[in-house]
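Data first, discussion second: the structure below is written as structure tokens.
The values are calculated or read from the model by the stated rules, or taken from the named source; none is laboratory data. Every value quoted in this text rests on a predicted model; they were computed, and no experiment measured them. Quick reminder, even Gly has a Cβ in these numbers, built from the backbone with ideal geometry, and neighbours come from all protein chains shown. Areas reflect the complete protein model, heavy atoms only, side chains present, ligands, DNA and RNA absent. Shrake-Rupley method; radii C 1.70, N 1.55, O 1.52, S 1.80 Å.
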Amino acid sequence: MAGMLVSGILLVALLFAAQSVFAPLFFALFIIAVVWPCQLALQSRLPRLLALLITLIITVGFITAIGSSLAWGLSRVGQWLFTNADRLQAAYMAFVDWLEQHGIAIAGPIGDWFNVSRLLSVMQGTAGRLNQFGGFSLLVLIFVMLGLLEVQEFAARLRLAAAQPYGQIILSANRIIAMKFRRFMLVRTFASVLTGLLVWLLSLGAGLELAAAWGVIAFAFNYIPFLGPLVATTLPTLFAIAQFDTWQPALLIFASLNIIQFVIGSYLEPRLAGASLSISPFAVIFAVFFWSFMWGLAGAFIGVPILIAFTVFCSMAASTKWIATILSDNESANTA
């Protein structure tokens, strides 16, 4: 047990130190598992390299659409914040004064942390990192291209007698993981589009400025469980306080956004995903925060797929099946 703990710590340290290589690799493996049926269907009718080119174009278009939409939304919010910084600062000071009049002093504890300049720098830094995502995406694309060319050969090597019994176990686990990844992305994409649309309509109906930007931000951030919806709910609320100068419209917008996130995230998504993706909510939250600590925004997205793959591999061996049982959401599995 002590040896396994030390090995685990060393592995985590390696993944953290070499994140510039492992983060794109993990992303590429996830993408390969998702798009392989498309590649297989195309190469049954077209030359292999042409099928690969079409698959890569579709993949790059999807990733670019999400990344550029998020960068656009955050840049619009950053421009609004730069133009209306005084309004936001005045709203914050009025809120602090109201709390102090009621005996709640927060200016000291968080006054040094929260200010408009800091918020603006965070927004600009996030948008800048998204715009510099090109190098990461290029490495992911190279891994995806090479991986798609070798999927069939790799599967054939795993079927060789010399690779047994582990080769067959890996093949079985890979098939299950790929199925779960594709279902995860289908459900996430549907939920993200629906969330973005509802947030956009809500912002329009409430008269909130930058309605399109809030819809796009909600769409893109919804791919990150828990952490993404939190950001997509908090940001419009803060800006609603500055825009309307009163807390009532902001409170209504905040409540409405949370209702949208709750209905889609806690009711619709679990029913669309079914028992095959039932994982403990605590494990999901831990995976999101742990991998965001390890690899930043990329880790926040890939954290849940890594957890899914880890759970599947643990379920394939009798000695580690107990880990998969602990990480699963048995209540969801039993009721699905």
Practice task
Roll a 1.4 Å probe over the protein chains and send me the accessible area per residue for region 199-327 in Å².
Solution key: 45 Å²
Handout entry: All Cα pairs of region 136-295, percent lying beyond 23 Å
Key = 54 percent
Handout entry: Contact order relative to length of region 225-315, as percent, for alpha carbon pairs under 8 angstrom and 6 or more apart
Key = 24 percent
Exercise for the section: Send over the Kirkwood Rh of region 31-80, from the inverse of the averaged 1/r over different Cα pairs, rounded to one decimal Å. Expected result: 12.4 Å
Exercise for the section: Determine the share of region 182-327's accessible area contributed by carbon and sulfur atoms, expressed in whole percent, with a 1.4 angstrom probe. Expected result: 78 percent
Completion exercise
Magnitude of the Cβ-charge dipole (Lys and Arg +1, Asp and Glu -1) of region 140-185 about the Cα centre, nearest 20 debye, reported as 260 debye
